[in-house]
Structure formats: structure tokens, C-alpha cells
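These notes are about the structure you will find just below.
The values are calculated or read from the model by the stated rules, or taken from the named source; none is laboratory data. Computed from a predicted model, the values in this text were never measured in an experiment. In this analysis, Cβ positions are derived from the backbone assuming ideal geometry, glycine residues included, and neighbour counts consider all displayed protein chains.
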Amino acid sequence: MRTILTAARLLTPVRVVERPVVVVDDGAIASLATAAGSELPAGRHVDFPDCTLIPALFDVHIHGSGGHDAMEATDSALNHIGKFLAHRGVGAYFATTVTAPLDTLLRSLSGLAKLLQAPPEGARPVGIHLEGPFLSPHKRGAHAKNQLLTPSVALLERFWQASEGQIRLMTIAPELPGAEETIAHATALGVRVSLGHSNAQNDAARRGVAAGAASATHTFNAMRAFDHRDPGLLAEVLTNDGLFAEIICDGLHVDPAAVRLFRRAKGPERALLVTDAMAGTGMPDGNYRLGDLEVRVKNGRCVVGEDTLAGSTLTLDRAVRNYSEFTGAPLAEAVGLATRNPARMTGLDGEIGTLEPGRSADIAVLSPKHEVLETFLRGRPCVSGAITFNG
Ligand SMILES: [Zn+2]
């Protein structure tokens, strides 16, 4: 089946194509050109006037959505999450774990490993992000204190075996004993290492980077605060031009002024938008699971205990809009932070994150207000209703 998509513009997102014509054959992009004067090829034509086509979004840090947590590690949970995410323009994500009792975590990892081999409906989980248990007790956020563990190669190997090699990203606090060897070992396995939930001083942060760390987890949140005489991990994150860095751009986790500082530091090539979303995302206020924790969601704010933020109800399409609004970044730049950059950071840029001939037709359609109208995954519409068919 051949489908031809047309729109007002397309962001690859490296370049802008005005009046694009995207030919989709068997779920893949066969060609990508501009309409200028040429006749449309034969096939089913779907036109999105006034709309912008972008690559489907990629979230490397998301715990759940639509009432379900990735650690449930069931078909049903991942189908719910995948379908919800597809409606928000997401095509791929890393199922992200939280600190939990060791046997619970191992069970989730092995459950996810099986499910990742048979992709569920909607957005595809393309790997696992292990967030915890190698985190600082001083910057643990919502992670359970008595379940944090000292990093070791032996423990990492247990997680790696349980996940059948599907851990693609690991958050770790570099100042913990054993962290350097664990970072080096993870890097050798092909796991990307992200520094976070950390109280590290600057020298420990730099040792973490020297051992192989490639990114930083939710910059500013659960990180030693910046002090001009004790600049800590944050100074390394904001000044090391080789390091990628995540940010939760919901206006609650990080003040818009700090997002502007982040943009100046990380630029269009190293910044990543993530959601850190949990099960309550897309759901009414109430109580939801985050791994083993019960989290209260009120007015979209997720908390445990007194008032500790525990994930978010942010969606990645909104993060893109917020980033543009908070910083003045052009849409193409903001889109790159949720498509191309996460793909580059994780080494998946040969497959996802940009629109090119030969790639899977994973395409989100944005309205003039940059809201998601439709998402095509492997060339098939996931949302529908907004489609107008011509010819
Ligand atoms: Zn976190």
C-alpha cells in the first residue's frame, strides 16, 4: 500500500522542507521531496494543510502513562502506555524503572526484556532506562532510601542478565563508591550512562565523565545545588560541551528562567527533552503507582510524602511547546531535542529521530498551534479522525 502525505512544511528536523511530499511504501519512507510544481505520484493521498510534519518523538525517560507503570511489565501495561504515547506524537521510548526491592526490579527487567522482543501497540519501547538503585541517598527524590544500593559491576551484571541486554541507559550518582568501575563496565556493554540523583562535587562528576558518562539525568532536579565555590555536578553538566543533558520542561520541575540558562549552556545539539512521566499522565487526579511507590497526583503535580516531586504528568509534545515558549527556540530546535538528540545520545540515530528515505515512516503531524493531530507509526495512522482523505 502506497500513501502520499502532504503538509505545509516538514522538519527533518535538521532541515525545513516547504510543501513536502512524503511517499510511504510498506511502512517506510520511500521518498521525501517538495511539491514545487511536480505532480503527486499515484496512491492514497492524505493532506494536512497548515500542518507541520516532524519525526515521531522519542522519550528516553518515562515511567508510565495512561494509568500504567512500565514496571508492571505486562502486555496490557505496555499496550496502554504505547497507545497513549502514540496519541501524543511519541514513536519510541525507554521503559524507565525506579528503585525497588531487588527481586521486584529483577522481575520487572526480565518481564520487560520479553515484551521488548514483541513490540506492543503504539509507541515502541526500544530499550530500558535503569534509574536506580545506584543513586545518592542525599538526592534520591522519590526513590526509596532503604532500597538504594552501592554500585558494583556484579550487581550491574545481574541487571544486565535479567534485562537480556536491553538496558540502554543507566542513571548513576558518580560520587558513590564503586561508581567509576560500574560506569566503565556499563559503557563497555554499550549502555549509555547518565549522571543524576547525585550530590557529587565537581571532581567526582568529572571522574564520572572520564569513566564514560554521556549524559545527565533531569538537569537541576535531584542534583547538588550550584554554588560558585562548590559548583558540583551542575557545573560539569552545563559546561562540558560533549555531555548530553535531559530537562523536564513542564514549568514545575524547573523554572523557565533556568530552562533559558540550560539552553544557553547545552545549545541545540546536546539538550534532551524528557517527561519523567508516571502512570497518572493523561488520567484524572488520584493515586497512582510509580514502581512500588504510591504517588498522589493533584492538578497534574505528582508527590510522595510531604511534598517530594515523584515524576510528572508531562507529555513530550507539550515539553516541545513549553521549550519554545520558555526560551524562544524555533520549533525545529525544540523538536530536535525530542527526536534527533535522544537518538544521537543513545546511538539509535541510524534508525530513528530524523525523517529520511529508507527510515520507518514514524511521523507526527502538528497543528498550527503545534498540537499533535495525528501520528503515523510504520506508516499507519494511530489517532485518525483528524485525517482528510483526497482522491
Ligand atoms: Zn528521577
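I need a count of the residues in the range 187-240 that are among the polar types (S, T, N, Q) and more than 16 Å from the ligand (Cβ to nearest atom). Can you show your working first?
Our first condition is that a residue be among the polar types (S, T, N, Q); within the range 187-240, this holds for 187, 194, 198-199, 201-202, 215, 217, 219, 221, 239-240.
Then drop every residue that is not more than 16 Å from the ligand (Cβ to nearest atom), which leaves 187, 201-202, 239-240.
Result for the range 187-240: 5.
Taking His68 as the residue in question, decide whether it is surrounded by 15 or more Cβ atoms within 10 Å (Cβ to Cβ), farther than 20 Å from Ile363 by Cα and touching a residue at least 24 places away in the same chain (Cβ under 8 Å). Considered against the rule, which asks whether it is surrounded by 15 or more Cβ atoms within 10 Å (Cβ to Cβ), farther than 20 Å from Ile363 by Cα and touching a residue at least 24 places away in the same chain (Cβ under 8 Å), His68 comes out as yes.
Can you go through Glu121, Glu164, Glu157 and tell me which one is away from the ligand (no atom under 14 Å from the Cβ), more than 30 Å from Phe84 (Cα to Cα) and not β-branched (Val, Ile, Thr)? Full working, then the answer.
Numbers: Glu121 fails: more than 30 Å from Phe84 (Cα to Cα); Glu164 fails: more than 30 Å from Phe84 (Cα to Cα).
None of the others qualify; the one that does is Glu157.
For Leu106, the conditions (1) over 25 Å from Gly353 (Cα atoms); (2) more than 16 Å from the ligand (Cβ to nearest atom); (3) touching a Gly at 6+ places or on another chain (Cβ under 6 Å); (4) among the aliphatic types (A, V, I, L, M) are fulfilled apart from (3). Quick check on the range 303-315. Is at least one of its residues in a helix (DSSP H, G or I), within 16 Å of the ligand (Cβ to nearest atom) and touching a strand residue (DSSP E or B) at 6+ places or on another chain (Cβ under 7 Å)? Checked the range 303-315: no residue is in a helix (DSSP H, G or I), within 16 Å of the ligand (Cβ to nearest atom) and touching a strand residue (DSSP E or B) at 6+ places or on another chain (Cβ under 7 Å).
Considering each residue of the range 118-149, count those that are without any contact (Cβ under 8 Å) to a residue 40 or more places away in the chain and either closer than 27 Å to Arg301 by Cβ or under 20 Å from the mean Cα position of the chain (by Cα) (or both), and give that number. It would help to see each step written out before you state the result.
First pass over the range 118-149, keeping only residues without any contact (Cβ under 8 Å) to a residue 40 or more places away in the chain: 118-119, 133, 137, 145-146.
Now restrict to residues that are either closer than 27 Å to Arg301 by Cβ or under 20 Å from the mean Cα position of the chain (by Cα) (or both): 119, 133, 137, 145-146.
Selection size over the range 118-149: 5.
Does the range 68-75 contain any residue that is away from the ligand (no atom under 16 Å from the Cβ), in contact with a helix residue (DSSP H, G or I) (Cβ under 9 Å, 6 or more places away or on another chain) and of a type in the set (D, E, K, R)? Outline the logic, then answer.
Going residue by residue through the range 68-75, those that are away from the ligand (no atom under 16 Å from the Cβ) are 68, 72-75.
Of the ones still in play, those that are also in contact with a helix residue (DSSP H, G or I) (Cβ under 9 Å, 6 or more places away or on another chain) are 68, 72-75.
Still in the running and of a type in the set (D, E, K, R): 72, 75.
Yes, the range 68-75 contains at least one residue that is away from the ligand (no atom under 16 Å from the Cβ), in contact with a helix residue (DSSP H, G or I) (Cβ under 9 Å, 6 or more places away or on another chain) and of a type in the set (D, E, K, R).
If only one of Gly232, Gly291, Gly196 is modelled with pLDDT under 95 and touching a strand residue (DSSP E or B) at 6+ places or on another chain (Cβ under 9 Å), which one is it? Break it down stepwise before answering.
Numbers: Gly232 fails: modelled with pLDDT under 95; Gly196 fails: modelled with pLDDT under 95.
The conditions single out Gly291.
Which residues, taken from the range 166-190, are more than 30 Å from Val303 (Cβ to Cβ) and touching a residue at least 40 places away in the same chain (Cβ under 8 Å)?
Just the residues of the range 166-190 that are more than 30 Å from Val303 (Cβ to Cβ), to begin with: 166, 177-178, 180-190.
Passing the criteria: Gln166, Thr182, Gly190.
The numbered conditions (1) under 14 Å from the mean Cα position of the chain (by Cα); (2) surrounded by fewer than 24 Cβ atoms within 10 Å (Cβ to Cβ) are all true for Gly82 except (2). In the set (1) assigned by TED's automatic domain parsing to the domain that holds Val22; (2) over 14 Å from Gly89 (Cα atoms); (3) outside any loop (DSSP other than H, G, I, E, B), the condition left unmet by Asn341 is number (1). For the range 168-179, the criterion of being away from the ligand (no atom under 16 Å from the Cβ), surrounded by fewer than 20 Cβ atoms within 10 Å (Cβ to Cβ) and more than 21 Å from the chain's Cα centre (by Cα) is met by at least one residue.
Quick check on my filter: what residues within the range 345-366 are in a loop (DSSP other than H, G, I, E, B), touching a residue at least 24 places away in the same chain (Cβ under 8 Å) and out of contact with any Phe, Trp or Tyr (no Cβ under 9 Å at 6 or more places or on another chain)? Walk me through how you get there before you give the answer.
Applying the first criterion (in a loop (DSSP other than H, G, I, E, B)) to the range 345-366 yields 347-359, 361-362.
Pick out the ones that are also touching a residue at least 24 places away in the same chain (Cβ under 8 Å) and you get 347-348, 352-359, 361-362.
Residues satisfying the conditions are Gly347, Thr354, Leu355, Glu356, Pro357, Gly358, Arg359.
Does Phe84 satisfy the condition of being out of contact with any helix residue (DSSP H, G or I) (no Cβ under 7 Å at 6 or more places or on another chain), among the aromatic types (Phe, Trp, Tyr) and away from the ligand (no atom under 14 Å from the Cβ)?
Details: out of contact with any helix residue (DSSP H, G or I) (no Cβ under 7 Å at 6 or more places or on another chain): yes; among the aromatic types (Phe, Trp, Tyr): yes; away from the ligand (no atom under 14 Å from the Cβ): yes.
Yes.
Just one of (1) surrounded by 14 or more Cβ atoms within 10 Å (Cβ to Cβ); (2) over 19 Å from Gly379 (Cα atoms) fails for Ser38. It is (1).
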